[in-house]
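K.L.:
Quick one: this structure, given as structure tokens, is what I'll be asking you about.
The values are calculated or read from the model by the stated rules, or taken from the named source; none is laboratory data. Predicted, not measured: the structure shown is a model, and the values here were computed from it. All Cβ positions, glycine included, derive from the backbone under ideal geometry; neighbour counts span all protein chains shown.
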Ligand code: CA
Ligand code: CA
């Protein structure tokens with residue numbers, strides 16, 4: 001793997017300014033985070049300094065002390081409550097560095113916790129204004145760390161940099177107008193001294209974008225809108241219109257509120273030096289109002305981290321009509337094909353297809369459904385484009401008798417997706433992807449709609465329904481070379497939490513029923529379960545400290561399912577809310 005050049009003097013300058021040196025004297029080994037720390041995060045098992053356990057997002061740990069034989073003996077060492085009346089969904093992946101855990105929670109809060117004792121060091125509450133418009137619960141998916149600061153985004157669309165030692169605000173920047181529907185929930189990405197962020201708000205007709213800010217000052221370095229027709233910027237100067245100009249793949253003025261929200265954040269591959277971001281649905285959902293492919297909605301984008309230039313794009317659902325956001329994580333991995341190494345990237349889409357791409361140029365290698373009964377397309381063509389069954393596109397309301405409601409279709413998967421936000425894991429030992437998926441469908445129909453600032457901009461109605469009697473959730477071990485599902489675990493409730501794979505031949509995830517679960521990575525056998533007291537919709541991590549392997553997961557039921565789940569939401573109503581960080585290890 002190619003390494004970045006040595007960190008520059010200016011980056012060192014961030015880490016050791018005069019004021020932090022004074023503070024550092026009283027702390028042992030509170031080393032500032034460098035680009036090398038983030039790039040090497042997966043291999044350095046003493047900490048977790050990036051979302052995804054490494055910028056490629058594999059969520060794989062080489063640790064093996066906790067393994068299929070020993071995992072039964074792990075015990076909680078502490079549990080930390082977020083406290084207060086503010087509970088709801090907890091989707092955060094913690095960061096751990098030098099014995100301190102940084103974990104975000106619902107309602108845009110962050111906590112620093114002493115890993116050894118479970119005691120709080122500081123907490124920060126963003127104190128949100130009235131009128132925020134999060135589409136899908138008041139969640140946050142995690143922090144970033146760089147230099148001597150920790151970073152996270154808020155539901156009123158601010159990016160906040162905090163002093164890692166004290167939790168005091170160092171800078172705060174506006175990512176968008178929350179009164180127009182912008183919000184922020186993803187874990188920021190750190191690449192070469194810059195904090196890279198997207199935005200949420202695709203259900204309100206915002207315009208998606210990816211932005212890079214100087215980690216030290218928060219000043220904008222570049223901005224790349226993800227909807228054709230909008231101007232990009234680099235160092236304060238215009239830097240080209242996205243897609244080269246308006247009205248190539250969008251009609252009239254529709255591109256001005258075109259959605260394509262970059263709400264799940266991104267991954268970074270140091271080897272190709274590319275950032276990968278996905279984009280959400282084109283707005284509004286009613287596809288008859290915007291004939292064309294609607295670039296770059298429902299796509300994966302590879303972006304130059306220095307300039308914000310789109311290097312390649314791969315659109316998973318051109319002219320989306322089902323809210324098949326294309327935001328899901330792009331995970332870089334290599335595999336052997338006839339003795340040749342393929343530099344690939346994999347992504348599992350809301351639309352139910354799993355894609356393997358060449359990560360250097362975005363070319364389609366192969367794709368296959370990873371959910372059952374997928375019915376909106378009959379397959380993928382040689383370029384990876386869906387082959388539509390036009391009868392499965394919800395009908396045009398303008399063609400209905402009263403012009404108010406188009407014909408309803410029952411589409412599989414539902415708009416909450418074959419897979420939603422919850423990240424999958426890639427095991428370097430088995431070569432398999434462990435995909436948290438859901439088997440469900442939806443009645444969906446279209447209605448007239450026009451854009452109004454700060455109002456939902458859908459033009460659709462929908463009801464999600466199960467397609468099997470005994471389960472919706474489905475954790476699958478997927479072979480990216482063949483599409484074979486090596487094993488499947490069926491869960492009654494929809495799965496909504498991320499996955500972790502380890503060299504201990506283990507796969508960890510949680511379920512809304514409240515269990516942290518460990519599976520044998522090869523057989524799928526459940527080898528450990530622990531009831532955390534509330535549903536798990538977050539991503540577990542593992543690291544080692546003092547010669548011991550730790551495991552942490554955040555518990556707290558919520559997220560999009562109880563809010564948008566239709567018939568399914570009724571079945572998960574009984575799950576209790578919460579907000580607890582659970583940390584485990586083997587007994588000494
Ligand atoms: Ca690490
Ligand atoms: Ca969406």
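K.L.:
Step by step: first the residues of the stretch 135-156, then only those that are free of Cβ contacts under 8 Å to residues at least 60 places away in the same chain and part of a strand (DSSP E or B), then the one that is farthest from residue 184 (Cα to Cα). Which residue is that?
P.N.:
Per the criteria, the residue is 150.
K.L.:
Conditions: (1) within 16 Å of ligand 2 (Cβ to nearest atom); (2) closer than 17 Å to residue 422 by Cβ. Residue 283 meets all but one. Number of the miss?
P.N.:
Failed condition: (2).
K.L.:
Right, another one. For the stretch 466-473, indicate whether the set of residues that are in contact (Cβ under 8 Å) with a residue 40 or more places away in the chain, in contact with a helix residue (DSSP H, G or I) (Cβ under 8 Å, 6 or more places away or on another chain) and crowded, with 16+ Cβ neighbours inside 10 Å is non-empty.
P.N.:
Within the stretch 466-473 (the criterion being in contact (Cβ under 8 Å) with a residue 40 or more places away in the chain, in contact with a helix residue (DSSP H, G or I) (Cβ under 8 Å, 6 or more places away or on another chain) and crowded, with 16+ Cβ neighbours inside 10 Å), the answer is yes, since at least one residue qualifies.
K.L.:
While we're here: If I filter the stretch 339-349 for residues that are in a loop (DSSP other than H, G, I, E, B) and in contact with a helix residue (DSSP H, G or I) (Cβ under 9 Å, 6 or more places away or on another chain), do I get at least one hit? Can you show your working first?
P.N.:
Restricting attention to the stretch 339-349, the residues satisfying the condition of being in a loop (DSSP other than H, G, I, E, B) are 339, 349.
Those left that are additionally in contact with a helix residue (DSSP H, G or I) (Cβ under 9 Å, 6 or more places away or on another chain): none.
No, the stretch 339-349 contains no residue that is in a loop (DSSP other than H, G, I, E, B) and in contact with a helix residue (DSSP H, G or I) (Cβ under 9 Å, 6 or more places away or on another chain).
K.L.:
Of everything in the stretch 455-480, what is part of a loop (DSSP other than H, G, I, E, B), within 30 Å of residue 257 (Cα to Cα) and within 24 Å of the chain's Cα centre (by Cα)? Give them in sequence order.
P.N.:
Residues satisfying the conditions are 456, 457, 458.
K.L.:
Something else about it: Is it true that some residue in the stretch 215-232 is more than 25 Å from the chain's Cα centre (by Cα) and either crowded, with 24+ Cβ neighbours inside 10 Å or assigned to a loop (DSSP other than H, G, I, E, B) (or both)? First the steps, then the outcome.
P.N.:
Pass one, the stretch 215-232, residues more than 25 Å from the chain's Cα centre (by Cα): 217, 229, 231.
Next, only the ones that are either crowded, with 24+ Cβ neighbours inside 10 Å or assigned to a loop (DSSP other than H, G, I, E, B) (or both) stay: 217, 229.
Yes, the stretch 215-232 contains at least one residue that is more than 25 Å from the chain's Cα centre (by Cα) and either crowded, with 24+ Cβ neighbours inside 10 Å or assigned to a loop (DSSP other than H, G, I, E, B) (or both).
K.L.:
Pairs under 6 Å by beta carbon, first residue exposed (fewer than 15 other Cβ atoms within 10 Å of the Cβ) in the stretch 386-398, partner in a strand (DSSP E or B) and at pLDDT 95 or above, six or more apart or different chains?
P.N.:
387/377; 387/378; 387/379; 389/378
K.L.:
Related question: For the structure I just gave you, tell me whether residue 305 is under 22 Å from residue 52 (Cβ atoms) and in a loop (DSSP other than H, G, I, E, B).
P.N.:
On the way: under 22 Å from residue 52 (Cβ atoms): yes; in a loop (DSSP other than H, G, I, E, B): yes.
Criteria met by residue 305.
K.L.:
Can you spot a residue in the stretch 365-387 that is in a loop (DSSP other than H, G, I, E, B), within 22 Å of the chain's Cα centre (by Cα) and more than 25 Å from residue 244 (Cβ to Cβ)? Quick ask: steps written out before the conclusion?
P.N.:
Applying the first criterion (in a loop (DSSP other than H, G, I, E, B)) to the stretch 365-387 yields 370-376, 381-385.
Checking which are within 22 Å of the chain's Cα centre (by Cα) leaves us with 370-371.
Cutting the leftovers down to more than 25 Å from residue 244 (Cβ to Cβ) gives us 370-371.
Taking every residue of the stretch 365-387 in turn, at least one turns out to be in a loop (DSSP other than H, G, I, E, B), within 22 Å of the chain's Cα centre (by Cα) and more than 25 Å from residue 244 (Cβ to Cβ).
K.L.:
Kindly state which helices (runs of 4 or more DSSP H) lie completely within the stretch 1-116 and contain at least 3 residues that are at pLDDT 95 or above and within 13 Å of ligand 1 (Cβ to nearest atom).
P.N.:
Values: elements: 9-15, 18-24, 35-39.
Answer list for the stretch 1-116: 35-39.
K.L.:
Mind checking whether some residue in the stretch 275-293 is crowded, with 24+ Cβ neighbours inside 10 Å, in a strand (DSSP E or B) and within 16 Å of ligand 1 (Cβ to nearest atom)?
P.N.:
Checking the stretch 275-293: not a single residue is crowded, with 24+ Cβ neighbours inside 10 Å, in a strand (DSSP E or B) and within 16 Å of ligand 1 (Cβ to nearest atom).
K.L.:
Further question on the same structure: What are the residues in the stretch 215-242 that are more than 16 Å from ligand 2 (Cβ to nearest atom) and in contact with a helix residue (DSSP H, G or I) (Cβ under 9 Å, 6 or more places away or on another chain), if any?
P.N.:
Passing the criteria: 215, 216, 224, 225, 228, 229, 230, 231, 232.
K.L.:
When residues of the stretch 487-518 are filtered for being buried (at least 20 other Cβ atoms within 10 Å of the Cβ) and without any contact (Cβ under 8 Å) to a residue 60 or more places away in the chain, how many remain?
P.N.:
Of the residues in the stretch 487-518, 6 are buried (at least 20 other Cβ atoms within 10 Å of the Cβ) and without any contact (Cβ under 8 Å) to a residue 60 or more places away in the chain.
K.L.:
Could you give me the residue pairs with C-beta distances under 6 Å whose first residue belongs to the stretch 94-105 and is buried (at least 24 other Cβ atoms within 10 Å of the Cβ), whose second residue is at pLDDT below 95 and not in a strand (DSSP E or B) wherever it lies, and which are 6+ apart or on separate chains?
P.N.:
That search, which allows pairs on different chains as well, returns nothing.
K.L.:
Conditions: (1) under 25 Å from residue 270 (Cβ atoms); (2) assigned to a loop (DSSP other than H, G, I, E, B). Residue 212 meets all but one. Number of the miss?
P.N.:
Condition (2) is where residue 212 drops out.
K.L.:
Additional query: Can you name every residue in the stretch 537-565 that is buried (at least 24 other Cβ atoms within 10 Å of the Cβ) and at positive phi?
P.N.:
556, 558, 559
K.L.:
I'm checking my understanding of the structure. Among residues of the stretch 255-274 that are more than 16 Å from ligand 2 (Cβ to nearest atom) and not in a loop (DSSP other than H, G, I, E, B), which one is farthest from residue 331 (Cα to Cα)? Spell out the reasoning first.
P.N.:
Initially, the stretch 255-274 is screened for residues more than 16 Å from ligand 2 (Cβ to nearest atom), giving 255-256, 266-274.
Pick out the ones that are also not in a loop (DSSP other than H, G, I, E, B) and you get 255-256, 266-269, 274.
Numbers: 255: 29, 256: 31, 266: 10, 267: 7, 268: 9, 269: 9, 274: 12 Å.
My answer is 256.
K.L.:
Another question about this same structure. Mind counting the residues in the stretch 570-588 that are assigned to a loop (DSSP other than H, G, I, E, B) and either within 18 Å of residue 105 (Cβ to Cβ) or in contact with a helix residue (DSSP H, G or I) (Cβ under 9 Å, 6 or more places away or on another chain) (or both)? It would help to see each step written out before you state the result.
P.N.:
So the first thing to find is which residues in the stretch 570-588 are assigned to a loop (DSSP other than H, G, I, E, B), and the list is 572-579, 586-588.
Those still in the list that are either within 18 Å of residue 105 (Cβ to Cβ) or in contact with a helix residue (DSSP H, G or I) (Cβ under 9 Å, 6 or more places away or on another chain) (or both) too: 572-573, 575-579, 586-587.
Result for the stretch 570-588: 9.
K.L.:
Something else about it: Please state which one of 382, 344, 401 is crowded, with 18+ Cβ neighbours inside 10 Å and either within 16 Å of ligand 1 (Cβ to nearest atom) or farther than 23 Å from residue 282 by Cα (or both).
P.N.:
Values: 382 fails: crowded, with 18+ Cβ neighbours inside 10 Å; 401 fails: crowded, with 18+ Cβ neighbours inside 10 Å.
Checking each option against the conditions leaves just 344.
K.L.:
Any residue at all in the stretch 310-318 that's buried (at least 24 other Cβ atoms within 10 Å of the Cβ), at pLDDT 95 or above and outside any strand (DSSP E or B)?
P.N.:
yes
K.L.:
A follow-up question, please. Name the residue that is surrounded by the fewest Cβ atoms within 10 Å (Cβ to Cβ), counting only residues in the stretch 64-93 that are more than 20 Å from the chain's Cα centre (by Cα) and closer than 22 Å to residue 185 by Cβ.
P.N.:
Going through the stretch 64-93, the residues more than 20 Å from the chain's Cα centre (by Cα) turn out to be 64-87.
Retained after the next criterion (residues that are closer than 22 Å to residue 185 by Cβ): 80-87.
Numbers: 80: 21, 81: 14, 82: 22, 83: 14, 84: 12, 85: 5, 86: 16, 87: 22.
Within the stretch 64-93, the match that is surrounded by the fewest Cβ atoms within 10 Å (Cβ to Cβ) is 85.
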